[in-house]
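For reference, the structure is listed below as structure tokens.
Bear in mind that the values in this text are calculations on the coordinates, not laboratory data. Everything quoted here is computed from the prediction, not taken from an experiment. Ideal geometry is used to build each Cβ from the backbone, glycine not excepted, and the neighbour counts take in all protein chains shown.
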């Protein structure tokens with residue numbers, strides 16, 4: 001018996017979808033021989049939290065599982081996951097919602113910890129006044145713009161005030177030399193929505209240290225947001241909490257909602273943990 005063809009077929013085989021496939025052959029699902037598929041499958045991208053909830057509720061089965069991945073800001077409902085009382089599911093029918101940061105959050109994080117000259121700082125504050133809670137937006141804008149139109153300014157003395165703020169002295173070199181005083185707050189209180197489309201669930205008050213720098217008589221400003229990672233995680237959990245309320249009210253088991261990641265394809269490794 002000539003076994004060389006058999007050996008060659010084994011040598012050139014490949015694995016596709018968990019099935020060993022000899023070279024020269026193709027794999028077809030049995031469903032191609034039926035008019036309708038035997039199981040639901042598909043990957044749907046929801047554009048809002050409400051749409052994710054609506055689709056999950058509509059197709060909810062005994063094997064539905066919802067995975068909330070805080071590392072990627074993504075929530076995925078797997079509608080044919082493993083039924084704890086019967087059998088394992090295929091994991092082929094999914095709907096997901098990819099959370100996105102708001103423009104406000106992107107803007108403030110973009111300048112956090114960066115030293116801006118007076119002109120750029122004033123422009124930034126003017127564009128983002130609606131996020132400032134305390135001191136008033138008008139006060140902060142006044143600090144940023146008071147001296148922006150002047151020339152030959154030299155900043156001098158610094159005085160610590162009783163409330164932690166500072167007062168910066170300055171001289172304007174003109175024919176008749178004048179002097180002034182600029183009060184700078186030590187911190188700002190901001191109110192910023194973190195996730196687009198879920199502003200009600202993800203808006204937080206955020207402390208930001210407000211600092212100035214004087215170099216060669218010129219003034220620069222720096223804003224540094226505090227505890228951004230903690231705020232991000234709290235915002236994500238709030239969004240998941242809102243989704244949980246919507247799903248549980250329509251009969252989904254609360255234990256089906258899992259903080260963790262699910263593989264992009266059913267055959268990949270799953271990692272998750274319940275909270």
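Using 0.36 nm times the number of residues separating residue 120 and residue 57, minus their current alpha carbon distance, what extension gain do you get? Don't skip to the end; give the middle numbers.
Numbers: separation 63, 0.36 × 63 = 22.68 nm, distance 4.84 nm.
Residue separation times 0.36 nm, minus the Cα-Cα distance, leaves 17.8 nm.
Extending each Cα 7 Å along its Cβ direction at residue 109 and residue 129, get the distance between those two points in nm, one decimal.
2.7 nm
Want the number for residue 100 to residue 246: 0.36 nm per residue separation, take away the alpha-carbon distance, what's left? Write out the running numbers ahead of the final one.
Details: separation 146, 0.36 × 146 = 52.56 nm, distance 2.04 nm.
Additional length available on full extension: 50.5 nm.
Within 10 Å of each residue's Cβ, count the other Cβ atoms and sort 213, 232 from fewest upward.
213, 232
Using a 10 Å cut-off around each Cβ, can you sort 253, 73 from fewest to most neighbouring Cβ atoms?
If I rank by nearby Cβ atoms, fewest first, I get 253, 73.
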